[in-house]
Amino acid sequence: MNVNVSPPAIEADRLTKRYGDAVAVDAISFSIPAGSVTGLLGGNGAGKTTTIGMIMSLVAPTAGRVSVLGYDMARDAYRVLHRMNFESPYVDLPHRLTVRQNLSVFGRLYGVANIPERVARLAADLDLKSFIDRQSGKLSAGQKTRVALAKALINEPDILILDEPTASLDPDTADWIRGHLERYRATNNATILLASHNMGEVERLCDRVLMMKRGKIVDDDAPEKLIARYGRQNLEEVFLDIARGTGAAKKEAAE
Amino acid sequence: MSAASSPAFSFSRIFAMVMRHWYLLRSSWPRLLELIYWPLVQMIMWGFLQSFMAKQTGTLAMAAGTFLAAVLLWDILFRGQLGFSFSFLEEMWSRNLANLMISPLRPIEFVLSMIAMSLIRLIIGVVPVTFLAMFFFGFNFWGLGFALAAFFANLLLTSWAIGLLCAGLVLRNGLGAEGLTWSIMFLFLPLTCVYYPVATLPAWLQPISWALPPTSVFEGMRALVLEHTFRADLMLWAFGLNVIWISLAGWGFLKLMHSSKQIGSLMSVGE
C-alpha cells in the first residue's frame, strides 16, 4: 500500500484572530496540498491579509493553529521560514540599495549557496539586467515588482505567498509576471498562495479559490466549478454575488 | 531550496544585515555627514568654554578641565544609542521590516547586527572628533588609557540597552514612537551628572542617579582627570548595573515583539 505521509503545504485549523471585539478571522479551516496554486479572495476587510500574516507568523492567532509543511507557525516558524518567501506591493526593499545589493543581502539571509550565480539567474529570468546596479527606489512600478518577485524567489521557496503581485501594473507587465509564476510553479512544484483582487489573474493561475467574507471562508472550489455553481460567466461575477450577499440565491437557482 | 534546516544562529545573517546598512551609509553622504556633525559641534562649543574657564581661577577652572572629556563620553553614550536605533528605524522607514521578519533572521541576530552598526557609526562619528579635540584644544582623549576602555564599554552597554528598548517600543507602537528614540537620552543628561558631580543633586535624587550606569562613568572620569585616580569600584558597579539593564531591555524587546504580533502591527508598519 502506498501511503503518502507528506504534510499539506499549508493547513489551518479553526484559525481565529480577534482584535478586541472585532473578529478579523473567524475559525477558518483549510488545507492546501503541495504544488497547488490557491487564490485567497475577498473584499476589503474580509481577513485575507490577517490570514496571510498568521501563515507567515507575523500575526499571532487568538485561537486555532496554522502549520506550514507540518510545522506549527506559532511555535516552529524558524524551522520552515527558509523554505518560504513573500511578495507584496505594501512591503518594500531598501530604496537606496541597488537591486544587486538587495538581492545579495536577502540571498545571504536565506543561506543561498552561490549568491552571485543565483542573482545572475534571477536577473536573466526576470529581465533585471538593464537596471541590476540601479538603486531600487529609482525604478518604475513594473521594475520594482519584478525585483520584489526576484527577492521572493531568491531562495527558490517551496511555499510562495503573494499579496496582490500585479497591483498597479500595466496589463503587459502583469501578464509577464503571471507567465513567470506559472513557469516557476511548473519547474519547482512550488505551492503558491495568492491574494488578489484581479479575478482574471485568479482564473488563470489558481487551481482553487478560497472565498472570504467577514473573516469566514464562505466558499471553496476550483474557479470553473464556482462559476458553474453560481451560474455566472466569470469569477468576477461570482465575487460580486458573494460580496453583495446575493450569492446563496444565485447558487440555488443554478443548482 | 532544499529542505535542509536553517542554522539556529548564523554569523552570515548578521553579516548580511551589516552589509545592508553599510551599503546604505556608503550611498548617502548626508547620513555620513550627520554622524560626525553633532559630535564636532559639541566638541567645538565645549572646547572653547573649557579654554575660557581654564583662564579663571579656583574651582571653576578645575571643573572646566573635565568638560571635553565629559562631552566626548556623552557622545559615546548618545551616539551609541542613536546608531543602534537608526539601524532599526531604517527598516521601518524603508518598509522592509516585514521582509526581515519572515526571513530566517533570528531576533538575536537582528539585535547583534544593530550592535555592530552602532559601533561602526560611533567609530565614524566620534573617533575623528577626538583627534580634532587634540589638534584644536590640546585635549588627548586617548590619554585616558585603560580607563577609557572601561568608560567606553560601560557607556556602550547602556546605549545598547536603551536602544533595544526604543526599538521594541517602535516595533510595538509604530513610527508614532520614533520621537522617543531621539529624546529619551536627554532624560539621562541631568540625571547621570555628565558635567557636575553627583553631590550636586538633591539627596533624594542621588540614589536614582547612582542606579544609572553612566553616572559611575562620569564620576569615574572626574576622579581620573581631577585626582588622577582610576575608580575600579565605580566601573564594576556600572558593569553590574549594565548586566541588569541589558537583561531587562532584551526581555522587554522580546515582550514588545510578541505584543506586536498580537496586535498585528508588523503587518502595518507605519504610524
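Listing for the model above:
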read-out: Helix axis angle, A:235-244 relative to chain A longest principal axis, alpha carbon, degrees; value: 60 degrees
read-out: Dipole of chain B, positive direction: furthest Cα of B:Gly240, B:Met101, B:Leu24, with charges on the beta-carbon; value: B:Met101
read-out: Alpha-carbon gyration tensor eigenvalues x 5, square-rooted, for the protein assembly as shown, Å; value: 55, 24, 19
read-out: Over 29 Å [Cα-Cα, chain A], rounded percent; value: 33 percent
read-out: Cα centroid separation - segment B:198-271 against segment A:165-204, whole Å; value: 51 Å
read-out: Cβ neighbours within 10 Å from other chains - mean over B:15-22; value: 4
read-out: Acute angle (nearest 10 degrees) that the helix A:171-188 long axis makes with the longest principal axis of chain A, alpha-carbon atoms; value: 90 degrees
read-out: Relative contact order %, chain B, counting alpha carbon pairs below 8 Å whose residues are six or more apart; value: 24 percent
read-out: Net charge of Cβ neighbours under 13 Å - reference B:Ser10; Lys, Arg +1; Asp, Glu -1; value: +2
read-out: Average Cα contact separation per residue, chain A, under 8 Å, 6 or more apart, as relative contact order %; value: 24 percent
read-out: Directionally averaged projected area (convex hull, Cα atoms, segment B:144-271), nm²; value: 8.6 nm²
read-out: 10 Å Cβ neighbours from other chains, averaged over peptide A:87-100; value: 5
read-out: Rounded, prolate or oblate (a/c below 1.5 giving rounded, otherwise prolate when a/b exceeds b/c) for segment B:140-205 by Cα gyration tensor; value: oblate
read-out: At R0 = 41 Å, FRET efficiency that the Cβ-Cβ distance of B:Phe146 and B:Gln262 yields, to 0.05; value: 0.30
read-out: Over 27 Å between alpha carbons, listed pairs A:Lys144/A:Lys225; A:Lys216/B:Lys255; A:Lys48/A:Lys225; A:Lys48/B:Lys261; A:Lys151/A:Lys225; A:Lys48/A:Lys151; value: A:Lys144/A:Lys225; A:Lys216/B:Lys255; A:Lys151/A:Lys225
read-out: Average other protein chain Cβ within 10 Å of Cβ, residues B:257-263; value: 3
read-out: CD proxy at 222 nm, helix term only [per DSSP H run n ≥ 4: -39500 (n - 2.57); per residue of chain B; nearest 500]; value: -25000 deg cm²/dmol
read-out: Kyte-Doolittle mean at least 1.0 and Cα axial length at least 15 Å: DSSP H helices in chain B; value: B:67-93, B:107-137, B:146-173
read-out: Charge context of A:Leu169, other residues only, Cβ under 13 angstrom, K/R +1, D/E -1; value: -3
read-out: Trypsin sites (Lys or Arg not before Pro) restricted to segment A:15-107 and DSSP loop, no more than 13 other C-beta within 10 Å; value: A:Arg75
read-out: For segment A:42-128, with +1 on Lys and Arg beta carbons and -1 on Asp and Glu, the positive-most of A:Gly70, A:Asn44, A:Leu122 along the dipole; value: A:Gly70
read-out: Loop chymotrypsin sites (Phe, Trp or Tyr not before Pro), segment B:138-229, which have at most 14 other Cβ atoms in a 10 Å radius of their Cβ (DSSP); value: B:Trp204
read-out: Within segment B:32-140, trypsin sites (Lys or Arg not before Pro) in DSSP loop having at most 12 other beta-carbon neighbours inside 10 Å; value: B:Lys55
read-out: For chain A, calculated [θ]222 nm from helices alone, where every DSSP H run of n ≥ 4 adds -39500 (n - 2.57); value: -11000 deg cm²/dmol
read-out: R0 of 35 Å, Cβ-Cβ distance B:Glu34-B:Ala199: FRET efficiency to nearest 0.05; value: 0.45
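Since every read-out is calculated from the coordinates, none of them should be taken as a lab result. Everything numeric in this text was worked out from a predicted model, so none of it was measured. Note: ideal-geometry Cβ built from the backbone for every residue, glycine included; neighbour counts use all protein chains shown.
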